[in-house]
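A short write-up of the structure that comes next.
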Amino acid sequence: MNDFSRQTEDFLKAAKEARIPEPMKAMVAEGLVSSRKAFDVATAAARDNARHAETVLASVSTGAKSLNEKLIENTTANTEALFAAAQKIAKAQTLPEAAQLQAEFVKTQFTTAAAQTQEFFKLSAEISKSMFTEMQAATAKSLEQFRNVR
């Protein structure tokens, strides 16, 4: 048997008989308990964050739907008004009467468009405020949860 083989055999024999000290076993067990606790807290925080993300995304989706519905409502109203005005103009007996009807329609539509734009921006601001409030609350809660992991 060569020297390396003998040393390897001696090492393996000593390793078989070696015992792990009790303080080291306790330290490992404590580390496992702490690691499990940190994992459980982090997992719960991740689940909460996923729920918050779903809430924020649902808010964004609802907001987008509201804006789209308002846009369709305004477009429909404006198109209906255009057809009504065109019908009145088509029934005009004279050129000045047709011009008067067209001028009234344009004036009314400018007022309507201004009101619709103001209403659209107000709705957009409300949706944005609501969405950012939800995002801020979710972010604050997430940060607090991760601070508690330590």
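The set of residues in the stretch 96-116 that are at pLDDT 95 or above and either assigned to a loop (DSSP other than H, G, I, E, B) or loosely packed, with under 13 Cβ neighbours inside 10 Å (or both) comprises Ala103, Val106, Lys107, Thr108, Phe110, Thr111, Ala113, Ala114, Ala115. Any residue in the stretch 27-37 that is within 30 Å of Glu119 (Cα to Cα) and β-branched (Val, Ile, Thr)? So far as the stretch 27-37 goes, no, none of its residues is within 30 Å of Glu119 (Cα to Cα) and β-branched (Val, Ile, Thr). Please verify whether the stretch 9-26 includes one or more residues that are under 30 Å from Gln145 (Cβ atoms) and among the aliphatic types (A, V, I, L, M). Yes; the residues of the stretch 9-26 include at least one that is under 30 Å from Gln145 (Cβ atoms) and among the aliphatic types (A, V, I, L, M). The residues of the stretch 78-94 that are surrounded by 11 or more Cβ atoms within 10 Å (Cβ to Cβ) and either in a helix (DSSP H, G or I) or of a type outside the set (A, V, I, L, M) (or both), listed by number, are Asn78, Ala81, Leu82, Ala84, Ala85, Ala86, Lys88, Ile89.
Taken residue by residue, the stretch 66-77 has at least one member that is assigned to a helix (DSSP H, G or I) and in contact (Cβ under 8 Å) with a residue 60 or more places away in the chain.
The values are calculated or read from the model by the stated rules, or taken from the named source; none is laboratory data. Because the structure is predicted, anything quoted here is derived from the model rather than measured. Please note: Cβ atoms are built from the backbone with ideal geometry, for glycine as well, and neighbour counts cover all protein chains shown.
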